[in-house]
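Below: the structure, in structure tokens.
The values are calculated or read from the model by the stated rules, or taken from the named source; none is laboratory data. Small disclaimer: the values here were computed from a predicted structure and weren't measured. Here the Cβ is made from the backbone with ideal geometry for all residues, glycine too, and neighbour counts use every protein chain on show. Accessible surface areas use protein heavy atoms only, side chains included; no ligands, DNA or RNA. Shrake-Rupley method; radii C 1.70, N 1.55, O 1.52, S 1.80 Å.
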Amino acid sequence: MATQTWDPLAYERNGSFVHALAGGVLEWLDPQPGEYVLDLGCGDGQLTRRIAESGAHVLGADASAEMIASARERGVEAEHARAEALPFRNATFDAVFSNAVLHWVRDQDAMLEQVHRVLKGSGRFVAEMGGHGNIAAIHVALVSVLEKHGLAQREKSENYFPTAESYSERLERHGFKVEQMALIPRPTRLPESGMEGWLRTFRRGVLEALPFKERETVVRETVALLEPALRDEAGNWTADYVRLRFIAKT
Ligand code: BEZ
């Protein structure tokens with residue numbers, strides 16, 4: 001996976017559904033007053049703040065300096081850190097939480113080793129990420145358009161969307177006991193900016209590798225390919241999201 005750059009304003013405008021739809025995984029986390037919780041990939045801190053409302057002590061961590069600045073502006077305590085190299089002592093947290101982030105992590109094994117290390121005994125890792133089949137139509141359309149611009153490989157290696165079976169095995173290899181694991185299809189209505197807004201926000205890294213004119217062509221052609229499948233008669237766009245949600249204990 002290549003480095004992803006984030007624009008907090010575009011994320012707020014085109015991606016606010018990410019935290020708005022996180023109720024299920026937050027319920028699975030069930031944070032308790034006084035617990036120490038790490039929000040791994042806290043982004044702009046929206047969910048970190050919601051976890052803090054439970055009375056837990058929450059720290060956000062994110063690999064994007066822009067997102068850390070945005071989280072701190074929201075009053076959230078957050079540190080700039082990569083998931084594969086967490087700057088925290090062993091057995092610091094009761095829970096590690098993560099929403100819509102793990103599919104961006106390049107080295108899953110290094111990340112899982114770090115998460116296991118910073119969790120206390122009987123600690124829990126509660127997360128939701130893209131699962132097998134996530135954004136399948138978007139991915140296929142984008143790969144097909146990017147073939148013409150020599151960038152298909154970049155899209156193919158952008159994210160990791162495992163099956164429940166393979167991620168359970170991976171967690172177990174790192175010493176976790178998987179308590180719950182579910183693959184959940186979740187077609188997701190996009191805001192008014194539609195598929196164009198989604199591409200410009202969540203494929204910013206891929207698109208920025210292209211000169212301006214080519215980039216605009218790629219966006220236009222991808223949107224046109226996807227229109228018959230993901231846009232309804234009323235003009236609303238729905239992204240073909242599939243979530244992988246789990247609770248794993250140390
Ligand atoms: C996701 O949350 O599943 C996702 C978001 C943007 C790009 C890829 C996946």
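Which condition breaks for ARG89 when tested against (1) away from the ligand (no atom under 16 Å from the Cβ); (2) crowded, with 18+ Cβ neighbours inside 10 Å?
Answer for ARG89: the failing condition is (2).
Is at least one residue of the range 207-219 among the charged types (D, E, K, R), under 27 Å from ASP107 (Cβ atoms) and either free of Cβ contacts under 8 Å to residues at least 60 places away in the same chain or surrounded by 14 or more Cβ atoms within 10 Å (Cβ to Cβ) (or both)?
no
Filter the range 115-162 down to the residues that are at pLDDT 95 or above, among the polar types (S, T, N, Q) and within 21 Å of the chain's Cα centre (by Cα) and list them by number.
Of everything in the range 115-162, those that are at pLDDT 95 or above, among the polar types (S, T, N, Q) and within 21 Å of the chain's Cα centre (by Cα) turn out to be ASN134, ASN159.
Here are some residues: THR238, THR222. Which one is out of contact with any His (no Cβ under 7 Å at 6 or more places or on another chain), in contact (Cβ under 8 Å) with a residue 60 or more places away in the chain and surrounded by 12 or more Cβ atoms within 10 Å (Cβ to Cβ)? Steps first, please.
Working: THR238 fails: in contact (Cβ under 8 Å) with a residue 60 or more places away in the chain.
Of the residues listed, the single one that is out of contact with any His (no Cβ under 7 Å at 6 or more places or on another chain), in contact (Cβ under 8 Å) with a residue 60 or more places away in the chain and surrounded by 12 or more Cβ atoms within 10 Å (Cβ to Cβ) is THR222.
Identify the residue in the range 196-209 that is modelled with pLDDT under 95 and away from the ligand (no atom under 12 Å from the Cβ) and, among all such residues, is nearest to SER64 (Cα to Cα).
Result: GLU208.
Sort out for me the helices (runs of 4 or more DSSP H) sitting completely within the range 94-182 that have 1 or more residues that are in contact (Cβ under 8 Å) with a residue 60 or more places away in the chain, within 12 Å of the ligand (Cβ to nearest atom) and not β-branched (Val, Ile, Thr). Before you say what the answer is, go through the steps one by one.
Details: elements: 108-118, 136-146, 152-156, 164-173.
Answer list for the range 94-182: 136-146.
Just to be sure, is TRP6 part of a loop (DSSP other than H, G, I, E, B), open to solvent by 20 Å² or more (accessible area, probe 1.4 Å) and closer than 26 Å to GLY133 by Cβ?
For TRP6, the condition - part of a loop (DSSP other than H, G, I, E, B), open to solvent by 20 Å² or more (accessible area, probe 1.4 Å) and closer than 26 Å to GLY133 by Cβ - is met.
Hey, PHE246 hits all of (1) within 16 Å of the ligand (Cβ to nearest atom); (2) closer than 15 Å to GLY130 by Cβ; (3) in a helix (DSSP H, G or I) but one; which does it fall short on?
For PHE246, the failing item is (3).
Residue under question is PRO191, and the condition is that it be in contact (Cβ under 8 Å) with a residue 40 or more places away in the chain, open to solvent by 40 Å² or more (accessible area, probe 1.4 Å) and not hydrophobic (A, V, I, L, M, F, W, C); does it hold?
Values: in contact (Cβ under 8 Å) with a residue 40 or more places away in the chain: yes; open to solvent by 40 Å² or more (accessible area, probe 1.4 Å): yes; not hydrophobic (A, V, I, L, M, F, W, C): yes.
Criteria met by PRO191.
Conditions: (1) under 17 Å from the mean Cα position of the chain (by Cα); (2) in contact (Cβ under 8 Å) with a residue 24 or more places away in the chain; (3) within 26 Å of SER16 (Cα to Cα). ALA81 meets all but one. Number of the miss?
Unmet for ALA81, out of (1) under 17 Å from the mean Cα position of the chain (by Cα); (2) in contact (Cβ under 8 Å) with a residue 24 or more places away in the chain; (3) within 26 Å of SER16 (Cα to Cα): (2).
Can you name the residue in the range 27-59 that is part of a helix (DSSP H, G or I) and without any contact (Cβ under 8 Å) to a residue 40 or more places away in the chain and, of all such residues, is nearest to LEU183 (Cα to Cα)? Please lay out each step first, then the result.
Here is the first cut: in the range 27-59, the ones part of a helix (DSSP H, G or I) are 27-29, 46-52.
Filter once more, so that each one left must be without any contact (Cβ under 8 Å) to a residue 40 or more places away in the chain: 27, 46, 48-50, 52.
On the way: GLU27: 16, GLN46: 24, THR48: 24, ARG49: 26, ARG50: 24, ALA52: 27 Å.
Only one residue tops the list, namely GLU27.
Has the range 55-69 got at least one residue that is modelled with pLDDT of 95 or more, open to solvent by 60 Å² or more (accessible area, probe 1.4 Å) and at positive phi?
No: zero hits.
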